[in-house]
Amino acid sequence: MTSNLFGETPARPLLITGAAGFIGHEVARRAAMANFAPVLATWHLAQPAPLEGVVAHRLDITDEDAVSALLQQLRPAAVIHAAYRKSGRGAEAITATGAGFVARAVAAIGARLVHISTDMVLDGEHPPYDESALPAPVHDYGRAKAAAEALVRTYAPAAAIVRTSLVCRLDPPDPATKWVVDSLREGQAITLYTDEVRSPVWLDDLADALLELAANDFSGVLNVSGPQALSRYEMGLRLAHCLGLNPASISPGLSSQGAIRRPRNLTLDTSLARRILRTRLRSFDEGLAE
Ligand SMILES: NC(=O)c1ccc[n+]([C@@H]2O[C@H](COP(=O)([O-])OP(=O)(O)OC[C@H]3O[C@@H](n4cnc5c(N)ncnc54)[C@H](OP(=O)(O)O)[C@@H]3O)[C@@H](O)[C@H]2O)c1
């Protein structure tokens, strides 16, 4: 795990798919800032906000020929695959089939692949989950991401498959955090689930871990999340406390009473990531305190 694909002269580029998205954009920003390697990015419908030192190309990952042609043209040393669609039209084709096209094209040029997966491939009934946990998704998004993992294993068996959890950012806030903070500031009552437990991770920690994995040769599933298991309700109370907002507007609720089944407890065991990564994966509390 010591080799660095980007140590060559001249350095080969790093390519990030989905770079207009929440995670992809931060990965591209941090890679460019750190002078990690020449940074290339792809976007689909919405162009990413321009980043100094990042060259962006338009790509639809459901177009296999286009994926293959772009990778043959750019010949990156590594690809961090962040493009996907959570729901709606074409979600399965983008999230699963598209990931397979990316994996096949990456393997064809002998590049490294870091594929972003999710705790949502798991059933939520057998926590904590280590890397040996087999996918047992309970909803469409989980099923599409589980199918993506399977395709990545088939076409790019040396890839790192990063299972992450709720990804948080305070400044500017991620959409879920923004909703909580805006509601509390406006004195609006909100309900947050007590029966849905995740292992939240801070976006900057996740981005650094992804970049670290792009430059090493770890292969297989790796859980990359914070070490603290929290319900949405517990996260909301902590957020309110940290920002000096009134937690009394937050009521506890039950996700299990909703129409769609969701995994109950997706606590991830992150001891392997802590052993092999230099990146510190801070807990939710540590990130708020900092
Ligand atoms: N955010 C989280 O809390 C979280 C948690 C666990 C795992 N993850 C995983 O992290 C990865 C990135 O998530 P994110 O939150 O950054 O998502 P995001 O903000 O929705 O970004 C996804 C990007 O994928 C692009 N995309 C969609 N369809 C495409 C296509 N056909 N071809 C090329 N690009 C396409 C989108 O571009 P357009 O909108 O322009 O189409 C978008 O910029 C996903 O694999 C997700 O499963 C995220």
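Specify the angular offset, from 0 to 90 degrees and rounded to the nearest 10, of the alpha carbon long axis of helix 22-33 from the longest principal axis of the alpha carbons in the chain.
For 22-33 against the chain, the angle is about 60 degrees.
Can you give the net charge of the other residues whose Cβ lies under 15 Å from the Cβ of L210, counting K and R as +1 and D and E as -1?
Summing Lys/Arg as +1 and Asp/Glu as -1 gives +1.
Please grab the % of Cα pairs in the range 200-283 that end up more than 22 Å from each other.
The answer is 43 percent, as a whole percent.
Using only the Cα atoms of the range 1-107, what semi-axes does the equivalent ellipsoid have when each is the square root of 5 times a gyration tensor eigenvalue? Give whole Å, largest first.
Taking √(5λ) for each Cα gyration eigenvalue gives 23, 16, 12 Å.
For L268, list long-range residues whose amide hydrogen, built 1.01 Å from N in the peptide plane, is under 5 Å from its own amide hydrogen.
Correct list: Y129, S199.
Against the longest principal axis of the chain, how steep is helix 203-214, in degrees 0 to 90 to the nearest 10, with axes from Cα atoms?
30 degrees
For the chain, what does the helix formula give at 222 nm: sum of -39500 (n - 2.57) over DSSP H segments with n ≥ 4, over the residue count, nearest 500 deg cm²/dmol?
That calculation yields -10000 deg cm²/dmol at 222 nm.
So what is the diffusion coefficient of the range 45-178 in µm² per second by Stokes-Einstein at 25 °C and 0.890 mPa s, using a Kirkwood Rh over Cα pairs?
154 µm²/s
Place the peptides 84-97, 199-212, 241-254, 152-165 in order of packing, highest mean first, counting for every residue the other Cβ atoms within 10 Å and averaging per peptide.
By packing density, highest mean first, the sequence is 199-212, 152-165, 84-97, 241-254.
Write down the percent of antiparallel bridges among all DSSP beta bridges whose residues are both part of the range 98-221, to the nearest 5.
Within the range 98-221, antiparallel bridges account for around 10 percent of the total.
Determine the percent antiparallel among the DSSP beta bridges restricted to the chain, to the nearest 5.
DSSP beta bridges in the chain are roughly 10 percent antiparallel.
Rank by packing, highest mean first: peptides 167-176, 70-79, with packing defined as the count of other Cβ atoms within 10 Å averaged across residues.
Ranking, from highest mean packing down: 70-79, 167-176.
Amide H to amide H under 5 Å from V224: which residues, 5+ apart in sequence or cross-chain, H placed 1.01 Å off N in plane?
Answer set, sorted by chain and number: R163, T164.
So what is the diffusion coefficient of the chain in µm² per second by Stokes-Einstein at 4 °C and 1.567 mPa s, using a Kirkwood Rh over Cα pairs?
Approximately 67 µm²/s, per Stokes-Einstein.
On a 0 to 90 degree scale, rounded to 10, what angle separates helix 64-74 from the longest Cα axis of the chain?
Compared with the principal axis, the helix lies near 70 degrees.
Could you tell me the convex hull volume per residue, in Å³, taken over the Cα atoms of the range 81-134?
98 Å³
Here, each number is a calculation from the coordinates, and none is a lab measurement. What you see is a predicted model, and the numbers here were worked out from it, not measured in a lab. Note that each Cβ is placed from the backbone with ideal geometry, even for glycine, and that neighbours are counted across all protein chains shown.
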